[in-house]
Amino acid sequence: CGKSKGLTLEGSLSIKAVNASTPLAGYAVALLHDSLATKELAQRREGFQMELAAVQARRILMIAMMDSLQAKYIDGGRKDDSVKKAYEDMSAQMAGEYKKELEFKKTYIRSLVQSVARDAVAGTKTDAKGLFKFENLTEGKYMLISAYDSDTQSGLILRPLNLNANFELALSNMDFDPTFTITAEDYKALRQ
């Protein structure tokens with residue numbers, strides 16, 4: 001009786017746009033036991049959301065202060081240069097805070113992938129065509145995790161799997177986790 005080889009999981013990783021799909025070469029892809037991944041992601045999601053809530057609270061306060069300065073400037077007949085300068089300074093500070101927030105999100109997502117990859121059942125990188133392959137897997141529930149980064153969107157890709165046969169799948173930015181994602185709108189706001 002021959003020894004069973006186990007199951008194979010093959011797939012591709014790409015960024016999808018309206019009319020095109022671009023393969024992601026050299027990206028890490030990790031396979032974790034679903035229960036472990038779910039627990040760690042829940043903890044990390046909570047911490048991430050708490051940090052973002054603090055950042056957003058600061059932003060709301062800054063917006064209120066800017067609104068107040070703008071109203072004061074208008075009420076003063078647009079003659080008080082010190083109010084105008086305070087508004088401009090606060091606007092520049094807010095743009096800097098936004099850049100820091102985006103960098104925090106990117107760093108957090110990268111560190112999350114590195115952290116969960118340590119607990120991976122298997123890990124690999126995509127080849128030049130964005131393809132990956134896992135072999136000799138046992139049946140079970142898994143979570144497939146990767147991160148992606150483009151000029152217009154960055155984030156974490158998650159795909160739960162119930163592996164009970166050889167499997168092929170295509171992962172893309174459409175499989176993003178809504179919490180751990182930096183959207184095109186975020187990048188657009190940064191450029192303004």
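The values are calculated or read from the model by the stated rules, or taken from the named source; none is laboratory data. None of the values given here were measured: they were computed from a predicted structure. We place every Cβ from the backbone using ideal geometry, glycine too, and count neighbours over all the protein chains shown.
How many of the residues making up region 51-81 are more than 40 Å from the chain's Cα centre (by Cα) and either among the acidic types (D, E) or under 16 Å from Q93 (Cβ atoms) (or both)? Within region 51-81, residues that are more than 40 Å from the chain's Cα centre (by Cα) and either among the acidic types (D, E) or under 16 Å from Q93 (Cβ atoms) (or both) number 3. Residue by residue through region 116-154, note down the ones that are in contact (Cβ under 8 Å) with a residue 12 or more places away in the chain and of a type in the set (K, R). Listed by number, the residues that qualify are K125, K129, K133, K141. For first residues located in region 43-68 and closer than 25 Å to S111 by Cα, partners that are of a type in the set (K, R) and lie 6+ apart or on another chain with Cβ distances below 9 Å form the pairs F48/K105; L52/K105; V55/K100. Taken as a whole, the structure places Q93 among residues that are touching a residue at least 24 places away in the same chain (Cβ under 8 Å) and either touching a Pro at 6+ places or on another chain (Cβ under 8 Å) or of a type outside the set (A, V, I, L, M, F, W, C) (or both). The residues on offer are A128, A64, and the sole one that is outside any helix (DSSP H, G or I), more than 17 Å from L32 (Cβ to Cβ) and either in contact with a Leu (Cβ under 7 Å, 6 or more places away or on another chain) or among the aliphatic types (A, V, I, L, M) (or both) is A128.
Residues that are under 15 Å from F180 (Cβ atoms) and among the aliphatic types (A, V, I, L, M) were ranked within region 79-138; the one that is surrounded by the most Cβ atoms within 10 Å (Cβ to Cβ) is I109. Candidates in region 26-78 are the residues that are of a type in the set (G, A, S), under 30 Å from K141 (Cα atoms) and out of contact with any strand residue (DSSP E or B) (no Cβ under 9 Å at 6 or more places or on another chain); of these, the one that is surrounded by the most Cβ atoms within 10 Å (Cβ to Cβ) is G47. When region 155-169 is examined, which residues are found to be among the charged types (D, E, K, R) and in contact (Cβ under 8 Å) with a residue 60 or more places away in the chain? The one that is among the charged types (D, E, K, R) and in contact (Cβ under 8 Å) with a residue 60 or more places away in the chain: E168.
Would you check if Y73 is hydroxyl-bearing (S, T, Y), touching a Leu at 6+ places or on another chain (Cβ under 6 Å) and in a helix (DSSP H, G or I)? Against the criterion (hydroxyl-bearing (S, T, Y), touching a Leu at 6+ places or on another chain (Cβ under 6 Å) and in a helix (DSSP H, G or I)), Y73 does not qualify. Could you list, in sequence order, all residues of region 160-176 that are farther than 16 Å from T8 by Cβ and surrounded by fewer than 17 Cβ atoms within 10 Å (Cβ to Cβ)? Once the filter is applied, which keeps residues that are farther than 16 Å from T8 by Cβ and surrounded by fewer than 17 Cβ atoms within 10 Å (Cβ to Cβ), region 160-176 yields P160, M174. With respect to S115, determine if the residue is among the hydroxyl-bearing types (S, T, Y), under 25 Å from T22 (Cα atoms) and modelled with pLDDT under 85. No.
Just checking, which of L9, L32, L36, L102 is out of contact with any Asp or Glu (no Cβ under 7 Å at 6 or more places or on another chain) and either without any contact (Cβ under 8 Å) to a residue 12 or more places away in the chain or not hydroxyl-bearing (S, T, Y) (or both)? Answer to the selection: L9.
Does M90 satisfy the criteria of being aliphatic (A, V, I, L, M), at pLDDT 90 or above and assigned to a helix (DSSP H, G or I)? Judged against the criteria, M90 is a match.
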